[in-house]
Amino acid sequence: MFTNGTHVYDVLAERGYIAQVTDADAVRDLLSRPGVTFYIGFDPTADSLHVGHLLQLMVMAHMQRAGHRPIAILGVGTAMVGDPSGKCDMRRMLTQADIEYNAGRFRKQMERLVDFRDGRALMASNGDWLLGLNYIAFLRDIGAHFSVNRMLTADCYRQRMEHGLTFLEFNYMIMQSYDFLHLYRAYGCRLQLGGDDQWSNILGGIDLIRRKDGGEAYGMTFRLLTTGDGRKMGKTERGALWLDPERTSPYEFHQYWRNVDDADVANCLRLLTFLPMDRVRELSALQGEAVNEAKKVLAYEVTALVHGEEAAREAERQAEALFGGAGRSETMPTTVLERTKVAEGVGLLDVLAAAGLVSSKSEGRRLIAQGGLTLNGEPVTDPNRTLEIGDFPEGAAYLRKGKKIHHRVVLE
């Protein structure tokens with residue numbers, strides 16, 4: 001199907017999403033017909049999606065806008081095992097109750113980009129068909145079609161072999177492959193999409209469908225969201241860049257995109273906005289100081305997609321208040337301290353760590369030694385400084401890390 005007269009496969013290719021595809025001609029032909037059912041899986045191993053998932057949701061939205069039907073699989077069953085892809089160590093084991101709770105949080109965040117009304121998209125938990133399986137019957141019916149030698153050549157397993165691959169994790173590929181077979185049978189799903197680290201798992205599902213049902217299915221992976229030098233995007237001083245506003249505020253989210261490296265702006269505009277490509281190319285061509293205009297557009301567009309236009313406008317107002325004024329705003333990122341503890345004297349380094357401005361006291365000392373911290377507009381030179389009640393005029397103190405990171409500390 002087509003978006004604004006352009007084949008959706010060409011849209012995805014032009015915007016730079018596609019990494020690998022099992023058969024480009026066949027997939028392009030498949031997507032030329034309306035209503036193709038495809039799926040992407042999301043393992044709820046945390047209580048919020050993060051910016052790495054945003055790229056997957058963007059692909060789902062592009063496909064849906066072109067007339068195809070997404071299935072969002074919440075990996076309640078697969079999360080009980082844990083995907084070894086891209087991990088040096090085994091993932092932390094979660095209880096089923098934790099996983100179910102996380103899945104519920106995912107649903108609300110997905111609905112901002114994907115339309116689930118009236119069957120336009122489906123959402124399902126793979127726990128519905130995985131958790132009740134008879135293990136021996138499953139091994140005989142499904143496990144017999146997987147070669148251990150072949151599985152060990154997959155990147156997700158080869159990397160883990162160096163650090164110790166558990167038998168628990170070894171089951172993950174078979175479970176995800178079974179997901180594809182189940183969706184093929186239940187919904188006529190013939191296409192699985194995912195990040196490029198899922199390539200081996202996707203191939204496993206395609207092969208299983210062929211072996212069990214003699215059916216044809218396809219896979220397509222898309223690029224992971226990385227910086228120009230290959231590092232994963234979405235890491236902040238406080239950790240991951242979450243889509244949940246309670247974990248990463250809309251202001252912090254907005255400022256992340258406002259401050260990306262100049263070299264990453266064009267890539268982010270292509271992958272994380274719905275701006276027409278003519279507009280993307282126009283903004284991407286800006287150089288020098290003018291690139292800041294492109295960053296403003298990027299920050300607004302991505303924040304509006306994830307948090308809504310009102311939150312994006314408010315984040316812009318906050319940024320203008322902070323950087324165009326005295327660097328103070330009641331809606332800026334805030335940490336609360338107990339008045340009694342401050343009265344006894346609390347170390348500034350402890351406050352920096354609690355606020356997520358530094359990851360350790362040693363990092364805080366380096367920051368101060370390099371002249372990178374101000375308190376209420378005054379440079380901080382003593383790493384052993386303590387905060388006192390007098391540092392909180394009108395109940396608030398204001399920290400600035402470098403030129404762009406502002407933080408408020410209030411007393412209660």
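Just one of the numbered conditions (1) surrounded by fewer than 14 Cβ atoms within 10 Å (Cβ to Cβ); (2) farther than 16 Å from Asp43 by Cβ is not true of Phe138; which one?
Here Phe138 meets the rest and fails (1).
Given the conditions (1) closer than 22 Å to Gln56 by Cβ; (2) modelled with pLDDT of 95 or more, report the number of the one that Arg210 does not fulfil.
Failing condition for Arg210: (1).
For region 216-233, name all the residues that are in a loop (DSSP other than H, G, I, E, B), within 30 Å of Tyr178 (Cβ to Cβ) and among the small types (Gly, Ala, Ser).
Quick first cut of region 216-233, residues in a loop (DSSP other than H, G, I, E, B) only: 216-217, 223-225, 227-231, 233.
Filter once more, so that each one left must be within 30 Å of Tyr178 (Cβ to Cβ): 216-217, 223-225.
The one that is in a loop (DSSP other than H, G, I, E, B), within 30 Å of Tyr178 (Cβ to Cβ) and among the small types (Gly, Ala, Ser): Ala217.
I'd like the full set of residues that are polar (S, T, N, Q) and assigned to a helix (DSSP H, G or I), limited to region 160-215. First the steps, then the outcome.
In the first step, residues of region 160-215 are kept if they are polar (S, T, N, Q); the result is 166, 171, 176-177, 192, 198, 200-201.
The answer is Gln176, Ser177, Gln198, Ser200, Asn201.
Has region 289-299 got at least one residue that is touching a residue at least 40 places away in the same chain (Cβ under 8 Å) and either of a type in the set (Gly, Ala, Ser) or out of contact with any strand residue (DSSP E or B) (no Cβ under 8 Å at 6 or more places or on another chain) (or both)?
yes
For region 48-67, what are the residues that are over 12 Å from the mean Cα position of the chain (by Cα) and over 17 Å from Ala13 (Cα atoms)?
To start, the set of residues in region 48-67 that are over 12 Å from the mean Cα position of the chain (by Cα) comprises 59-67.
Within region 48-67, Gly67 is the sole residue that qualifies.
Please note which helices (runs of 4 or more DSSP H) are completely contained in region 316-412 and include at least 2 residues that are crowded, with 19+ Cβ neighbours inside 10 Å, at pLDDT 75 or above and touching a Ser or Thr at 6+ places or on another chain (Cβ under 6 Å).
Details: elements: 339-344, 348-354, 361-369.
Filter on region 316-412 gives an empty set.
Can you tell me which of Asp98, Asp115, Asp25, Asp29 is of a type in the set (Asp, Glu) and either part of a loop (DSSP other than H, G, I, E, B) or assigned by TED's automatic domain parsing to the domain that holds Thr273 (or both)? Step through it out loud before you land on a result.
Working: Asp98 fails: either part of a loop (DSSP other than H, G, I, E, B) or assigned by TED's automatic domain parsing to the domain that holds Thr273 (or both); Asp25 fails: either part of a loop (DSSP other than H, G, I, E, B) or assigned by TED's automatic domain parsing to the domain that holds Thr273 (or both); Asp29 fails: either part of a loop (DSSP other than H, G, I, E, B) or assigned by TED's automatic domain parsing to the domain that holds Thr273 (or both).
Among Asp98, Asp115, Asp25, Asp29, only Asp115 is of a type in the set (Asp, Glu) and either part of a loop (DSSP other than H, G, I, E, B) or assigned by TED's automatic domain parsing to the domain that holds Thr273 (or both).
Given the condition in contact (Cβ under 8 Å) with a residue 12 or more places away in the chain, surrounded by 19 or more Cβ atoms within 10 Å (Cβ to Cβ) and either assigned to a helix (DSSP H, G or I) or not aliphatic (A, V, I, L, M) (or both), answer yes or no: does some residue in region 149-157 qualify?
Yes.
The values are calculated or read from the model by the stated rules, or taken from the named source; none is laboratory data. All figures in this text were calculated on a predicted structure; none of them were measured in a lab. In this analysis, Cβ positions are derived from the backbone assuming ideal geometry, glycine residues included, and neighbour counts consider all displayed protein chains.
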